[in-house]
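Take a look at the structure set out below.
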There are 2 protein chains.
Amino acid sequence: MPTPYHHGSLRDSLLEAGRRQLLEEGVASLTLRGLAKRVGVSHSAPLRHFDDRDALLDAIAAAGFAELISELESAAGLSSLRARLTQYARAHARFALESGPLLELMFSVGPGGGAAEESAARFFALGGELLGERADRESGPLPYLLAATLEGIGSLVASGRLPVERVDEVVDEAVSMLLPAVEARLSS
Amino acid sequence: MPTPYHHGSLRDSLLEAGRRQLLEEGVASLTLRGLAKRVGVSHSAPLRHFDDRDALLDAIAAAGFAELISELESAAGLSSLRARLTQYARAHARFALESGPLLELMFSVGPGGGAAEESAARFFALGGELLGERADRESGPLPYLLAATLEGIGSLVASGRLPVERVDEVVDEAVSMLLPAVEARLSS
DNA sequence: CACATATGTAGACGGTGACTACATTGGTGC
DNA sequence: GCACCAATGTAGTCACCGTCTACATATGTG
């Protein structure tokens with residue numbers, strides 16, 4: 001039989017199809033019914049796996065954070081602080097370039113959300129680690145500033161207002177600006 | 001007669017009602033029909049003034065940029081560069097705090113848009129002026145970095161991930177970081 | 001192998017954007 | 001003045017969407 005009654009991995013298929021739809025046609029085009037048709041199930045089948053459309057978006061965003069985090073972690077091994085920061089920032093910018101609408105979704109889902117918010121917390125914690133934040137002292141403004149700068153660059157990239165060929169230049173300038181403050185913080 | 005056939009200023013009323021709806025209930029709650037009802041016209045009347053829902057959002061975003069720009073211009077008169085930068089950044093952060101969803105809308109409408117994109121261009125030009133950019137030489141990465149940093153902070157503020165009581169601290173740190181690079185650029 | 005549960009289907013309902021045809025108004029040229 | 005026309009608002013309609021409910025089928029556990 002070509003299409004068994006039970007799909008088998010409908011949840012994953014919906015997440016993947018949703019991700020594709022998001023990246024290709026934008027978040028507005030992402031409808032539960034459209035995804036259902038695309039995956040080959042009835043129009044209400046997605047509701048068995050996601051309470052509503054927002055829950056699906058939340059799950060897609062959570063997966064996006066996981067993906068972003070795994071790319072950012074490529075910076076952890078590098079020896080110098082500058083190299084780590086640069087690699088971290090470049091990975092973030094690259095993600096924005098390749099998955100703009102997804103990044104936009106990830107940062108538009110505010111706190112109070114579900115799974116995405118947990119993943120977001122890990123993302124912010126990762127930035128803190130990069131800056132040498134420790135639990136035994138108060139965190140300064142730097143983690144926020146790092147996150148803001150990267151997210152801002154990502155937003156400009158995703159919206160196309162920052163030309164692709166100038167991304168590296170801006171990222172490098174950002175790192176050069178952040179570095180002194182981070183070094184001061186680390187040596188204190 | 002209480003309700004004349006012609007509203008008289010329907011376009012403005014829709015913009016204002018749309019702005020209120022956006023700020024109070026979020027962009028998802030903003031529907032043409034809801035606005036029409038709220039303003040007291042028939043469900044299809046808004047289409048006489050806006051081609052579609054996106055056109056309305058675009059117009060609201062354009063008005064938002066005009067508003068933001070007028071607040072940012074309060075920094076132009078200050079004497080020291082640091083004071084100008086600080087005032088500029090604080091005004092931006094305050095706007096994010098008071099009109100988060102509007103700011104989010106303004107920066108989610110990518111280029112290729114209509115009226116909003118013109119206003120956005122003036123916004124970016126204003127940042128360039130603050131940094132002493134001139135038409136007679138190529139612009140460096142600084143204008144982008146300034147815009148990215150402020151937009152990133154604004155996004156964190158609007159989403160609630162940056163606690164309100166820490167906004168000033170982060171803004172000041174951002175200014176302190178940007179300042180040396182800007183001074184170097186200006187004196188060259 | 002019975003039966004509870006998870007998963008998928010089919011139909012319905014109200015809300016929404018957008019299109020069309022029609023009604024009313026205000027301004028312009030004569 | 002006034003005939004005409006473009007601008008503005010109305011009413012009806014259609015397809016699409018999210019979501020709910022009742023029902024069908026598969027799965028796995030005692």
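Would you mind stating whether B:L22 is under 18 Å from the mean Cα position of the chain (by Cα), within 14 Å of chain A (Cβ to nearest Cβ), assigned to a helix (DSSP H, G or I) and within 11 Å of DNA strand C (Cβ to nearest atom)?
Judged against the criteria, B:L22 is not a match.
Starting from the range A:59-77, keep only residues that are at pLDDT below 95, then list their pairs with residues that are surrounded by 15 or more Cβ atoms within 10 Å (Cβ to Cβ) whose Cβ atoms are within a distance under 8 Å, requiring at least 6 positions of separation or different chains.
A:A76/A:R84; A:A76/A:L130
Just give me the residues in the range A:78-96 being among the hydrophobic types (A, V, I, L, M, F, W, C) and surrounded by fewer than 16 Cβ atoms within 10 Å (Cβ to Cβ), in sequence order.
Within the range A:78-96, A:L78, A:A83 meet the criteria.
Of everything in the range A:130-188, what is of a type in the set (S, T, Y), in a loop (DSSP other than H, G, I, E, B) and facing another protein chain (nearest Cβ under 10 Å)? Give them in sequence order.
A:S139
Would you confirm whether or not the range B:80-102 contains a residue that is within 16 Å of DNA strand D (Cβ to nearest atom) and free of Cβ contacts under 8 Å to residues at least 40 places away in the same chain? First the steps, then the outcome.
The first filter runs over the range B:80-102 and keeps only residues within 16 Å of DNA strand D (Cβ to nearest atom), leaving none.
Looking through the range B:80-102, none of the residues is within 16 Å of DNA strand D (Cβ to nearest atom) and free of Cβ contacts under 8 Å to residues at least 40 places away in the same chain.
Can you tell me which of A:A120, A:A158 is in contact with a Gly (Cβ under 6 Å, 6 or more places away or on another chain), surrounded by 22 or more Cβ atoms within 10 Å (Cβ to Cβ) and at pLDDT 95 or above?
From the options A:A120, A:A158, the qualifying one is A:A158.
If you scan the range B:30-49, which residues turn out to be closer than 17 Å to B:H6 by Cβ, among the hydrophobic types (A, V, I, L, M, F, W, C) and assigned to a loop (DSSP other than H, G, I, E, B)?
So in the range B:30-49, the residues closer than 17 Å to B:H6 by Cβ come out as B:36, B:39-49.
Checking which are among the hydrophobic types (A, V, I, L, M, F, W, C) leaves us with B:36, B:39, B:41, B:45, B:47.
Once the filter is applied, which keeps residues that are closer than 17 Å to B:H6 by Cβ, among the hydrophobic types (A, V, I, L, M, F, W, C) and assigned to a loop (DSSP other than H, G, I, E, B), the range B:30-49 yields only B:V41.
The values are calculated or read from the model by the stated rules, or taken from the named source; none is laboratory data. Keep in mind that this is a model prediction, so the values were computed, not measured. Heads up, the Cβs are rebuilt from the backbone with ideal geometry, glycines too, and the neighbour counts pull from every protein chain shown.
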